[in-house]
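Reading through the structure tokens given below for one structure.
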Amino acid sequence: MASTSEIIGQLNQARELAFTSKESFPQVLRHIFNFVNNPNIEIQLWCARFMKESFTVDESQLSIGDKIDLAIDAMDSLIILSNIKNLDIFTYAIDTAIVLYKLIFRYVADNDGCQDIWNKLNMLKKSLIDKYSNNFPYEESFNGEINQVKNLHSKLELLKFVILVIDYQSKSSSNIKNFSLLKVNPHHTLIKPQVIEAESYALLDLVLKVFNQDILVPPLVTATLNHLSIICKRKPQFLSKICSILENFESNNKLQSNYQSIESFKLSKKYVDRTLRILINHLLRNQLVPPQFQSSLNKKLSSLINRGDEIRKKNILIPNADDSKIKKRSFEGFANPVKKLKLDKPDYKNLYCLNEPSNELNGFDLSTLPQNILISMTLAALNKIHTKKLSLALDIIGSRYLDVINSMSPLLKQALAAEQQQQLQQQQQQQQGLPDVYDIDKLGGGENGESDDDDDDDNVGKDYNPQTVFSLPPPKPLSLQEKKDHINIIIKNFFKLSNREIVDIDNTNNTETDEVNGYKINKELSSIAIKSWKKNSWSILLTRLATRGMRNQDNETNELSDMIRNSIFEFFLDNIHTRIDLIIEWLNEEWYSEKVFQEEKYKESIKQQVLQEYEIKPNKNDYNYQLKLNSKLDELKVDTPNYTKWAGKVLDAMIPFLEPNDRKIFIRLLSDLPYLNNELVQRIKSLCFDPVRIKIGFLSLQFLIMYRPPVKQDCINILKELSESDQDDLKDESNKLLAKYT
């Protein structure tokens, strides 16, 4: 197999051929697309760089027709490159995507019906826009401030792409010659003006978020202001939104970042204000400002001019009295993140100290607090902390502990050697018949048979002999009947809880918000099923015990979990009107758990199958590993037989006892069931044959046709069947609905 250097050498030769021969360029570039699948990062970087160079050449080297054809062929490779976690590759991919988006959007606009091409373009667009809000290709940090100031290079590149999408997906003024949504056929089947223009409004909001941050990020703010000057000129519909943001933006209200000096912060404000002044002046001079904003923006411009004149008169880098008014952003990281303690005598408390060592809070003794308060404090902290922050804190503490242990290892070795020597001497004394220092009289009692409590306490454990220590035998496995008995006890206890009057306990501090005390709540911790005990908590635990805790692994486990399901089912039948919430919650959990478990099992086998195919022919023109995998995963259909079985039982048990005034309950059940198929829908037909409950049957079918598209055809088939009935009322109702929905 060729080495990386040999492959890159061959690629360089192909590059020279492409740039020296216009006729060979398309063929060479198509051949390069196959190398994107190579897992070697150097080869992928070479491909990303070459693709950028190729699509930015002029028509003397690559005609516009060839460039469009190549752009369509390059979509798959570019999607792969845009998801590789390498900054250089990602940057090249964005630059290439900017060119490709222009070419392909215009191509689709002129050629209606290119569904596959349009789908791939949307896939690429979504992939890049999603990355604008995070730190890709780097990992997201628990520290929101770091996320704002980090990875600015790729964010600036992505900003260019987002602005391009806004420009192409919204209408421009009629006097603007640049391409926009205005030049697309309003009846285009793929490019629907209302949909994609609404998306451009949402993207503009995403871009303008930078002005609402509590700190200044000068490169991103100034770049956004420069792009807005173009948007304002071409898109009058966005002017009100942009002018409102500019009117309310004030650099003096921003906080100093913990990652910039005070001098850097003052310079940031200076250059941001200057760029803002230039933009507002440009808008006013070209009469682009709406009337309602002219007065306020004129005042804003005057204020910025006066502020700039003041700054020019003095050196802002020299400390002055106003520096004390600058507020710093609260720090989200650790004030004491060192992994090695520099103390001569390490204190156990210092192992866990992540704030300033001089902080008086370190001296607070938590052991003086009641246990219930400590538990509440711990749960509240775990609910708010970011998972990555907790992981990093534990890593720091673990490193400190290992460092202390390693530094004390010589002393530990000496102590261990002394202990071993003492044990050896004791064994020698026992073998020689010498009196042991730990005499039985001292342990058992004195001359009068009285025990000496002090001696007992002092000598406990000194006669330890590992050969005489008793260990408990392993527990005996329970028989199936014993397991059933235990499950019955558990079920009875849960149903006892359902009958108790329990006041819902809700901690308002645990409500999910985007930010709490400057920290983003971790979704993994905040999405737990039970944060505090409520009246319906028993049902959540019982349903999850059946679906997740006792998932189907063998017939025995399946039988035990069915015991729980059957008990819930019978509990529901006792009162179907008041317990409909319970049955909906259970069936939703049943479907979701079964679907997730089955999907994971199928996905793993599909990945192995596709990987084996890729290893056989990794560089074939007609094979793309990632797309093949995604295609097979999209086609994956997961069956949920367990859910279908119990949902059918619920319908079979409920339908015979429905009264005419129960239609709301029944339709609610149908609307909240997570999945319906022909087998389940067929059960509704019996209601239509009942003269008393005929309205429930037809209302249910009508509801499913309107709001459950996957079973629409099944319902229509039932109506067609009913329309051929001998009963006139059935015929009339069926024909009415068929005429309306077919």
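FYI, it's all coordinate maths here, none of it is from the lab. Computed from a predicted structure; not experimentally measured. When we count neighbours, we look across all protein chains shown, and the Cβ atoms used for this are built from the backbone with ideal geometry, even at glycine.
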Exercise. Highest mean first, what order results for 591-602, 118-129, 5-16 on Cβ atoms within 10 Å?
Worked result: 118-129, 591-602, 5-16
Exercise. Tell me, what ³J(HN,Hα) does each residue in the range 103-108 have, in order and in whole Hz, if you take phi through Karplus 6.51 cos²θ - 1.76 cosθ + 1.60 with θ = phi - 60° and put x for Gly and Pro?
Worked result: 5, 6, 4, 5, 5, 5
Exercise. Distance in nm between label sites at residue 206 and residue 683, each 7 Å beyond Cα in the beta-carbon direction?
Worked result: 4.3 nm
Exercise. Under a plain spin-label model, where a point goes 7 Å from the Cα along Cα-to-Cβ, how far apart in nm are residue 631 and residue 185?
Worked result: 2.8 nm
Exercise. For residue 672 and residue 56, what is the calculated FRET efficiency with R₀ set at 60 Å and r taken between the beta-carbons, to the nearest 0.05?
Worked result: 0.65
Problem set entry | Fully extended contour minus Cα-Cα distance, from residue 296 to residue 126, at 0.36 nm per residue | 57.5 nm
Exercise. Which FRET efficiency, nearest 0.05, do residue 661 and residue 729 yield, Cβ-Cβ r, R0 22 Å?
Worked result: 0.65
Problem set entry | Fully extended contour minus Cα-Cα distance, from residue 303 to residue 558, at 0.36 nm per residue | 84.4 nm
Exercise. If you wrap a convex hull around the Cα atoms of the range 145-327, how much volume per residue is inside, in Å³?
Worked result: 127 Å³
Exercise. Hey, can you rank 649-658, 667-676, 305-314 by average C-beta count inside 10 Å, highest first?
Worked result: 667-676, 649-658, 305-314
For this session: Note the full-extension length gain between residue 311 and residue 267 as 0.36 nm times their separation in residues minus their Cα-Cα distance, in nm to one decimal.
Result: 14.8 nm
